[in-house]
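Quick notes on the structure that follows.
The values are calculated or read from the model by the stated rules, or taken from the named source; none is laboratory data. For clarity, every value in this text was computed on a predicted model and none was experimentally measured. No Cβ is skipped: glycine too gets one built from the backbone with ideal geometry, and neighbour counts run over all protein chains shown.
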Amino acid sequence: MSEYLLALIGGALIGLSSVLLLFTHGKIAGISGMIKGSIIDKQSDKGWRAYFILGLVIMGLLLSIQRQEMFPINADLNYWGIALSGFLVGIGTYIGNGCTSGHGICGSSRFSIRSIVATVTFIISGMLIVWVMKNFF
């Protein structure tokens, strides 16, 4: 199966799961909000959040086992840099009231101005970081 078709199917499944969550639970499928709600917040609906996150992790692990070529092991990785990046992304999602899944998939599809501005900011920031990394490091 071509990589483009796999990406199309994956995107359709992400959209479908977001719509199903919205219609069945009335909730937005923002991953950072789910993690916050299942760990930090004292909410009574932690169960579905934990199951959704667990499903993401399990499917990622199953895919990495089935398609090992998609997940090459690189011993030259800077794990401190990766940890710092993850921490900074976590702070950014907290400050921005959401992550790419919440704003980019769910918010933009509902024509939320705040989410559209956030998504454009994510894309421009990503492009800028790639440009800096390619030209200066």
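Residues in segment 101-119 that are within 26 Å of G81 (Cβ to Cβ) and among the hydrophobic types (A, V, I, L, M, F, W, C): A118 only. On the stretch given as segment 107-134, residues that are surrounded by 12 or more Cβ atoms within 10 Å (Cβ to Cβ) and aromatic (F, W, Y) total 1. Scan segment 92-114 and report the pairs whose first residue is more than 13 Å from G33 (Cβ to Cβ) and whose second residue is buried (at least 22 other Cβ atoms within 10 Å of the Cβ), with Cβ atoms within less than 6 Å and a gap of 6+ or a chain change. From segment 92-114, the pairs are S108/S115. If you go through segment 95-108 one residue at a time, do you hit one that is more than 21 Å from V19 (Cα to Cα) and modelled with pLDDT under 85? Within segment 95-108, one or more residues are more than 21 Å from V19 (Cα to Cα) and modelled with pLDDT under 85.
Here is a yes/no grid of residues against (1) farther than 17 Å from G102 by Cβ; (2) among the β-branched types (V, I, T):
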| position | (1), (2) |
| --- | --- |
| V19 | no, yes |
| I35 | no, yes |
| I40 | no, yes |
| G47 | yes, no |
| Y51 | yes, no |
| I65 | yes, yes |
| E69 | yes, no |
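Count of segment 1-28 residues, restricted to those that are part of a helix (DSSP H, G or I) and either charged (D, E, K, R) or touching a residue at least 40 places away in the same chain (Cβ under 8 Å) (or both), is 5. Here segment 56-106 is the region considered, the condition is being of a type in the set (S, T, N, Q) and surrounded by 10 or more Cβ atoms within 10 Å (Cβ to Cβ), and the residue that is farthest from the chain's Cα centre (by Cα) is Q68.
What do you reckon, is G98 in a loop (DSSP other than H, G, I, E, B), out of contact with any strand residue (DSSP E or B) (no Cβ under 8 Å at 6 or more places or on another chain) and within 18 Å of G26 (Cβ to Cβ)? Against the criterion (in a loop (DSSP other than H, G, I, E, B), out of contact with any strand residue (DSSP E or B) (no Cβ under 8 Å at 6 or more places or on another chain) and within 18 Å of G26 (Cβ to Cβ)), G98 qualifies.
Conditions tested, residue by residue: (1) closer than 26 Å to S108 by Cβ; (2) at pLDDT below 85; (3) out of contact with any Cys (no Cβ under 9 Å at 6 or more places or on another chain).
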| residue | (1), (2), (3) |
| --- | --- |
| I28 | yes, yes, no |
| G33 | yes, yes, no |
| K36 | yes, yes, yes |
| G47 | no, yes, yes |
| Y51 | yes, no, yes |
| G60 | yes, no, yes |
| I65 | no, no, yes |
| F71 | no, yes, yes |
| A83 | no, no, yes |
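Considering segment 39-89, and only residues there that are of a type in the set (K, R) and either part of a loop (DSSP other than H, G, I, E, B) or touching a residue at least 24 places away in the same chain (Cβ under 8 Å) (or both), the residue that is nearest to I14 (Cα to Cα) turns out to be R67.
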